[in-house]
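Data block below; observations after.
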């Protein structure tokens, strides 16, 4: 995560955990930041929207994430897109499933309670 031309947070962890940890550490200081991530699915998109991230750059974005971010006017650059973020067995990722039909605030609140 970059803000005001400075790296404010970075992680090599996978999944959405680093996004939640960044929120816990920085909170509203993330507003307006730019995020670089390898994969952005709907779960990550809803977290980043909640955090008021201004720009997202990723290698792979899911179609639901693309649609959600476009609808909410969050800038997204991606190289490739996929229908959904799935586990190795082809089933929808559990976090993607949890993010479906939940408003961003409701979704993030569930994650923060865990």
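The values are calculated or read from the model by the stated rules, or taken from the named source; none is laboratory data. Keep in mind the model is a prediction, meaning the values are calculated, not measured. Cβ: placed from backbone, ideal geometry, glycine included. Neighbour counts: every protein chain shown.
Quick notes on this structure:
- Verdict on residue 84 being under 16 Å from residue 15 (Cα atoms), at pLDDT 95 or above and part of a loop (DSSP other than H, G, I, E, B): yes
- Every condition in (1) free of Cβ contacts under 8 Å to residues at least 40 places away in the same chain; (2) in contact with a strand residue (DSSP E or B) (Cβ under 9 Å, 6 or more places away or on another chain) holds for residue 91 except the one numbered (2).
- Those residues of the stretch 33-63 which are in a helix (DSSP H, G or I) and within 8 Å of the chain's Cα centre (by Cα), in sequence order: 42, 43, 44, 45, 46, 47, 48, 49
- In the stretch 54-84, the residues that are buried (at least 18 other Cβ atoms within 10 Å of the Cβ), touching a strand residue (DSSP E or B) at 6+ places or on another chain (Cβ under 7 Å) and under 14 Å from residue 100 (Cβ atoms): 62, 65
- Matching residues, the stretch 1-27, being out of contact with any helix residue (DSSP H, G or I) (no Cβ under 9 Å at 6 or more places or on another chain) and either closer than 22 Å to residue 70 by Cα or part of a loop (DSSP other than H, G, I, E, B) (or both): 2, 4, 5, 14
- The C-beta contact set for the stretch 52-66 (first residue within 18 Å of residue 23 (Cα to Cα), second residue at pLDDT below 95 and surrounded by fewer than 16 Cβ atoms within 10 Å (Cβ to Cβ), distance under 8 angstrom, 6+ apart or interchain) comprises 52/28.
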